[in-house]
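Please read the structure below before turning to the comments.
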Amino acid sequence: MAAKIKRRFVSVGNRAVHYRRAGSGPPIVLIHASPASSRAVIPVMDALSGRHTVFAFDSPGFGETDPLTAEEVNVQKMAAAYAAALDALKMPRCALYGTHTGACIALELAVKFPKKFTGVVLDGVPIFGPEETRDILKNYLPPFRPLWDGSHLPGHWSRMRDQVLWFPWYKRNAAARSDRAFSTPDMLHASIMDFFRSGDAYRKGYGAAFTYNVRAAARALNIPATYMARDDDMLYPHLDLLPKLPRNQVIERHSRHGYVKAQAAAIKRYVRAAKAPADPDLAPIKGRINRRYIDLPSGQVLVRSAGEAQTGRPLFLIHDGRWSSQMYSPLMTALAKKRPVYALDLPGNGDSDAPAKARPGVADFAHDAAAVAARLGLRSYDLYGRHSGASVATALAARYPARVKKLVLDGVIMFSDAERKRLAAKYTPPINVTWDGAYLYTTWLMLRDELVFWPWYARDDKHARAIDANFNASWLHDRVVEVLKSKDTYHLLTQAALKNDVTATLKKLKSATLVVGEEADPLGRYAAKAARLVPQSSHTMVPGGEAARAAVVTKFLDY
């Protein structure tokens, strides 16, 4: 039976390394292909985690792991980064597995650090000739740059489809046609989300595999090893290009059918008795926003933090709907100069797991946020929430008045019943993955149109907004990715806020409260009204921008 997978971060120097962990028993380490993440090896994790502790890392620059800072990235540097991560975890000798790019990294690890591993499984090693390598490096790895009109989204969707159909994907002819089964839309969605998480960093890590000398490394490998591939893998013929192997190393050729079972059997061959290491506590990296996962009974919640060493009272931030705590990155940096700042992805948003209830209310989100604060060891803290997050912050402060010392409500939702009903019907449409990838562009337009119409779906003169908004393509792309991470549940927080009448709860607040309204925000007009309902409150209007907002919040918290 597969064990539940947990996600973790470990600090390695000035880099955050993300990994998945499952099961109990002797440890096994898995390394994924490019441009994927540890998500891609979950089937192998599931096959092994019944009797083993399986660790699957995001390689440097992929998934949620920070890229290497070096201008030139090669397999040797990536292997060294892996070795450092294993040392940070205090990983004992263990079995090692890698596929495609991951096989190159695993091979280099086994050559350079043989005492760390009991054996290695190398699944699909690339052995390209000089001419083919030059052609691939020239054409296979185009730059990733978000474009102002969102056209990069369908463009990269097409590239992902073609990468399944042909190898290399840019040679669309009969000779290059792949024998692999075509991916379902959901499979393509998972792949393109991995690609979007990497951004342009994918080119360095992916490109490293094409320049790695597998034959030379194979000749230097001394530990037990299995080279393997499945018959529909474009690297299957490369098994014939390996040099003569020593007696403790073998080549296995498998059918595509039941291949996960073959992978697991090969890896088990090298498992030896050893105790898997515990997950280390977060070691904050100074001067940056750190990430960790908090385990709740209902699932894992991602938390960002900054200024952990500061001595001021902690500040806890709750994000708006259709977003995640990523929205607070600039604000966190500004506010963390005097105090520790924490921001969570509420369940069903960003990188957090789905909430326990199919239709959670504001009180449920507030309960989970309070539980996360408690797990962080925050007994007393200031609280900030924006828009839907302000509704959750209000409920949390009312429920736990002894914990919340000061409260900032930024953009309080106080629509009429008729407005709530209209918004609930149209504001958070379902995001359904389609065969053509059109949902990517639809999501882009939904979030972009919010900057020029209110509400975004009312595209007419009456609802036009003439504001100086942020149309930066990279910023908007990042927001689209945050929404798509939780495409099936992204609507729940907004819907809960729209169904919640905050009026009665505002009257119950005991914390000193600042109500903030932004001049260009459609919710700004409710600031004075909301403040009049709170016993100890004031309100202020800000011109817009995180710098002005940070100044107002800092002044209130420091007073």
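Annotation note: trypsin sites (Lys or Arg not before Pro) in segment 440-545 located in DSSP loop regions with a Cβ neighbour count of at most 15 within 10 Å are 459, 465, 499, 510. In segment 501-526, whose amide N lies under 20 Å from the spot 7 Å out along Cα-to-Cβ of residue 470? List them in ranges. In segment 501-526, the label zone of residue 470 (backbone N under 20 Å from the point 7 Å along Cα→Cβ) covers 516-524. Restricting to DSSP loop positions (anything but H, G, I, E, B) with no more than 16 other Cβ atoms inside 10 Å of their own Cβ, which trypsin sites (Lys or Arg not before Pro) remain in segment 323-391? Passing sites in segment 323-391 are 337, 338, 357, 379. Each label was represented as a point 7 Å from its Cα along the Cα-to-Cβ direction; for residue 87 and residue 313 these points are 4.3 nm apart. Take every DSSP beta bridge whose two residues both sit in the chain; close to 35 percent of them are antiparallel.
Quick one: compute the contact order of the chain, relative version, from alpha carbon pairs under 8 angstrom and 6+ residues apart, as a percent. Relative contact order, the chain: 13 percent.
From the alpha carbon centroid of segment 58-136 to that of segment 11-49 is 13 Å. When the Cα gyration tensor is reduced to axis lengths a ≥ b ≥ c, the ratio a/c is 1.5 or higher for segment 339-395, and with a/b above b/c it is classed as prolate. Relative contact order, whole percent, for segment 506-559 stands at 37, derived from Cα pairs under 8 Å and 6 or more residues apart.
Other residues with beta-carbon under 13 Å from the beta-carbon of residue 80 carry, at +1 per Lys or Arg and -1 per Asp or Glu, a net charge of +2. Each Lys and Arg contributes +1 and each Asp and Glu -1, all at the Cβ; summed about the Cα centre of segment 433-559, the dipole is approximately 660 debye.
Within the set of other residues whose C-beta is less than 9 Å from the C-beta of residue 327, count the net charge using Lys and Arg as +1 and Asp and Glu as -1. In short, 0. Loop-located trypsin sites (Lys or Arg not before Pro) in segment 67-96 (DSSP state other than H, G, I, E, B) with a sparse environment of at most 12 neighbouring Cβ atoms within 10 Å: 90. Spin-label model, residue 283/residue 422: points 7 Å from Cα along the beta carbon direction are separated by 5.6 nm.
Residues in segment 195-212 carry Karplus couplings, in order, of 4, 5, 5, 6, x, 5, 5, 4, 5, 5, x, 5, x, 4, 5, 6, 9, 7 Hz; the curve used is 6.51 cos²θ - 1.76 cosθ + 1.60 with θ = phi - 60°, and Gly or Pro positions show x. Distance from the alpha carbon centroid of segment 413-490 to that of segment 364-406 works out to 27 angstrom. Here the relative contact order of segment 318-417, from alpha carbon pairs under 8 Å that lie six or more residues apart, stands at 28 percent. In the chain, the DSSP-assigned H stretches of four residues or longer account for a calculated mean residue ellipticity at 222 nm of -10500 deg cm²/dmol, using -39500 (n - 2.57) per stretch and the full residue count as denominator.
Taken together, the values in this text are just the output of simple stated rules run on the coordinates, not laboratory data. Keep in mind it's a predicted model, so treat the numbers as computed, not measured. Cβ: placed from backbone, ideal geometry, glycine included. Neighbour counts: every protein chain shown.
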